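Reading through the C-alpha cells given below for one structure.
The values are calculated or read from the model by the stated rules, or taken from the named source; none is laboratory data. Model, not experiment: these values are computed from the prediction. Glycine also receives a Cβ, built like all others from the backbone with ideal geometry; neighbour counts cover every protein chain displayed. Areas reflect the complete protein model, heavy atoms only, side chains present, ligands, DNA and RNA absent. Shrake-Rupley method; radii C 1.70, N 1.55, O 1.52, S 1.80 Å.
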Amino acid sequence: MSEKDFEIISDSVEQTIEFGKKIGALLKGGEVFGLIGNLGTGKTHLIKGIAAGAGAPDMEHVNSPTFVIVNEYSGPEARLDIFHLDAYRLDSIAEFEALGFDDLCYRDSVVLIEWADKVLPALKDIDTITIELSHISETQRKFIFKNLPGYLSGLDQ
Amino acid sequence: MAKEINILGIETSCDETAASVVADGKIVKSSVVASQVKLHERFGGVVPELASRAHIEKIYPVVTQALEDAPIKIEDVDAIAIANQPGLTISLIVGVTAAKTLALATDKPLIAINHVHAHLQAAMIEAESIDLPAIALVVSGGHTSLYDCESALELELIGSTIDDAAGEAFDKVASILGLPYPGGPSIEKTAKNGNPKAVRFPRSMLKKDSLDFSFSGLKTAVLYHCQGQDMKGESKVSEMSDQEIADIAASFQQAVVDVLVAKTKRGIEKIKAKTVLLGGGVAANTALREGLQSMCEAEGKKLLVAPRSLCTDNAVMVASLAYHKYKAGIFADLTLEAKATS
C-alpha cells in the first residue's frame with residue numbers, strides 16, 4: 001500500500017452503504033471506479049451507497065447488473081448520470097469496449113465497474129479509482145482505495 | 001369470422017435476438033431465437049461472440065426467418081411490436097431501430113412493449129380466461145419482480161430485488177460449487193440427488209410487510225459454507241463428495257423457492273389476488289413450480305405458469321402482449337427510444 005492508499009473496515013452491510021453514501025456525496029462527475037473483489041465482498045452494496053450519495057433516485061432498487069451488464073440511474077433529482085457496470089459475464093476486452101464504455105465516461109457521469117479486474121487493460125489509460133474489497137469475517141469487509149482524487153481524501157476523518 | 005390480427009414481435013433486450021409472428025395474441029405462427037438457429041448459413045461464417053451481444057448481424061436474418069416461417073409477407077402484418085425497455089441500451093437500440101425502420105418503410109403501426117410485462121404475458125397466453133386481479137412473479141437472471149396485475153396492460157410493480165436477481169444467485173452459486181453455466185439448469189439437476197434440509201441457509205424476508213427480495217446474503221452464506229468462516233483457506237468444494245455438493249445445491253434451491261413462495265403469498269394477501277402468474281427463465285425450475293403450486297392449492301388460488309418454451313427471452317411474448325395494445329389502440333410513434341430502466 002502506498003501512502004496515498006486508504007483502507008477502511010466495514011462491520012456490516014449497513015455500514016458499507018453509509019460509507020458509499022459519503023463517497024457519492026463528494027463526487028463531482030467524470031469519475032470512473034473499478035471495483036475488484038470476490039463474490040460477496042460488498043461491491044453491489046458499496047455502489048448502492050455511492051449511487052444514493054450521488055443522487056440516484058430509489059436507492060432500494062440499485063441492484064446487481066450481472067445479467068444486464070449495465071444499469072443506469074438518472075432522473076430529475078440526480079445530480080450526475082450514474083452507470084453501474086458489471087464485467088462478470090464478459091469474455092473479452094472487445095466486448096467491454098463494444099458496450100460503448102467510452103461514451104459512458106463524460107464530465108457529468110460517474111461510472112462504477114464491478115469485476116473490473118476482468119477489463120483492466122481497457123481502464124489503464126484513464127484515471128480509474130480502484131477499490132479492492134475482501135472478506136475479513138462473515139460480516140466484516142475490508143476496502144482499499146487507490147488513486148483517490150484530492151477531494152475524496154477526507155473520507156477517513 | 002373477423003380477420004386475424006398478425007403482429008410481428010421483436011426482442012433484443014439482452015442476450016437473445018428474437019422475432020415472432022403471433023395472430024390474435026394467441027396463435028403462434030413463428031418463433032425464432034437467434035441462439036437456436038443456424039444463422040451462420042445466412043452470413044457465411046461463425047457468429048462471433050461480439051455480434052451476439054450487439055445483435056446487429058442477427059436482427060435481419062432473424063426477422064426474415066420469422067416472416068418466412070409464419071409464413072407471412074411484411075406487407076400483410078398488422079403491426080410491429082418491439083420490447084424497448086428495460087435492458088441493455090446498446091442491445092435494445094438494435095431492435096428499436098429495426099422496428100422503427102420496418103414501421104416507417106411499410107407504414108404499419110408501431111407498438112412499444114415492456115420486456116418484463118411480456119414475460120408475464122407468456123404465463124397468460126394459453127389461458128382461456130383469467131380471474132383478476134392476479135399477483136404476478138417474474139424471475140430471471142436479471143429480474144425478480146412482483147406485480148399487481150389488473151389486466152394484461154395494467155401492471156403495477158409492488159416488489160423487486162434490492163441486490164441480486166434470483167437467476168443471478170443460481171449462476172453465482174453454481175460457480176461457487178464448480179457447476180457449469182447457466183447455473184439454473186445445473187443447480188436444478190444437481191439438487192435432484194440432494195437433501196434440501198441438509199444445510200439451513202438463511203431466508204431473507206426483509207421487513208415484515210416488504211414485498212422486495214434479497215438474495216445476496218444467501219449467496220454469501222453458501223460461499224462461507226464452502227470456504228470456511230475465515231475465508232482464508234481454499235474452497236473446500238474440490239474435496240467435497242458429489243452428495244455434499246448435491247445437498248448444498250438442494251438446500252440453496254429450497255431457500256430461494258421458500259422466499260419466492262413466501263413473498264408471492266404475501267402479495268396474494270396484499271392485493272386479494274385470485275390468480276398467480278409465473279414467468280421468466282427461473283419459472284422453468286421444477287422446484288419453484290411445485291412450491292408455488294402447493295401454496296396456491298392451500299390458498300385456493302389458480303396458478304398460471306409460462307410454458308417452458310416461453311420462459312427464457314423470446315419474441316412470442318412481445319407479439320402476444322402487443323395484441324392487447326393493438327386492440328386498445330395504444331401505439332408508439334417514430335420518436336420511440338430504448339430505455340435501460342422502466
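Would you please classify the overall shape of the range A:1-145 from the alpha carbon gyration tensor, given that a ≥ b ≥ c denote the square roots of the eigenvalues, rounded means a/c under 1.5, and beyond that prolate means a/b larger than b/c while oblate covers the rest? It comes out rounded by the Cα gyration axes. Summing Cβ point charges (Lys, Arg +1; Asp, Glu -1) relative to the Cα centre of the range B:163-284 gives a dipole of roughly 720 debye. Between amide H atoms placed 1.01 Å from N, distances below 5 Å from B:N84 occur with B:I113, B:H115, all of them 5 or more places distant or on a separate chain. Taking every protein chain into account, the accessible area of chain B amounts to 42 square angstrom per residue (probe 1.4 Å). Largest mean-square fluctuation among B:L110, B:L321, B:L177, in a Gaussian network model of chain B whose springs join Cα atoms under 10 Å apart, belongs to B:L177. Evaluated on chain B, the Kirkwood hydrodynamic radius is 20.9 Å, with distances taken between all distinct Cα atoms.
Length gained on full extension, B:E126 to B:K73, computed as 0.36 nm times the residue gap minus the Cα-Cα distance: 16.5 nm.
The GluC sites (Glu not before Pro) found in the range B:111-212 that occupy coil by DSSP, while having at most 14 further C-beta atoms within 10 Å, are B:E126, B:E128, B:E150, B:E154.
At most 13 other Cβ atoms within 10 Å plus a DSSP loop assignment makes a site exposed; report the longest stretch of chain A without any exposed trypsin sites (Lys or Arg not before Pro).
Of all site-free stretches, the longest is A:5-106.
Evaluating 6.51 cos²θ - 1.76 cosθ + 1.60 at θ = phi - 60° for every residue in the range A:30-37, the Karplus couplings come out as x, 7, 10, 10, x, 9, 10, x Hz, glycine and proline recorded as x.
How much accessible area is lost when chains A and B come together, counting both sides, with a 1.4 Å probe, in Å² rounded to the nearest 100? Let's see the in-between values first.
On the way: alone 8130 and 15710 Å², together 21150 Å².
Chains A and B together bury approximately 2700 Å².
In this Cβ point-charge picture (+1 for Lys and Arg, -1 for Asp and Glu), chain B has a dipole of about 540 debye about its Cα centre. Using a Gaussian network model of chain B in which every pair of alpha carbons under 10 angstrom is joined by a spring, one finds that among B:S214, B:S175, B:S31 the greatest mean-square fluctuation is at B:S175. Accessible-area loss of 10 Å² or more (1.4 Å probe, protein heavy atoms, chain alone versus all protein chains) is found in the range A:84-103 for A:Y88, A:R89, A:D91, A:A94, A:E95, A:A98, A:L99. Taking the chain by itself as reference, the range B:63-98 contains these residues with an accessible-area loss of 50 Å² or more in the full protein complex (1.4 Å probe, heavy atoms): B:L88, B:I90. In the protein assembly as shown, the DSSP-assigned H stretches of four residues or longer account for a calculated mean residue ellipticity at 222 nm of -11000 deg cm²/dmol, using -39500 (n - 2.57) per stretch and the full residue count as denominator.
Here's how it looks for B:T161: its modeled amide H is under 5 Å from those of B:T144, B:F213, which are all 5 or more places away or on a different chain.
The accessible surface of the range B:130-306, taken with every protein chain in place and a 1.4 Å probe, is 50 percent carbon and sulfur.
DSSP assigns beta bridges within the range A:6-150; of those with both partners inside it, close to 50 percent run antiparallel. Counted residue by residue at 0.36 nm each, then reduced by the alpha carbon distance between them, the extension gain from B:K339 to B:R200 reaches 46.0 nm.
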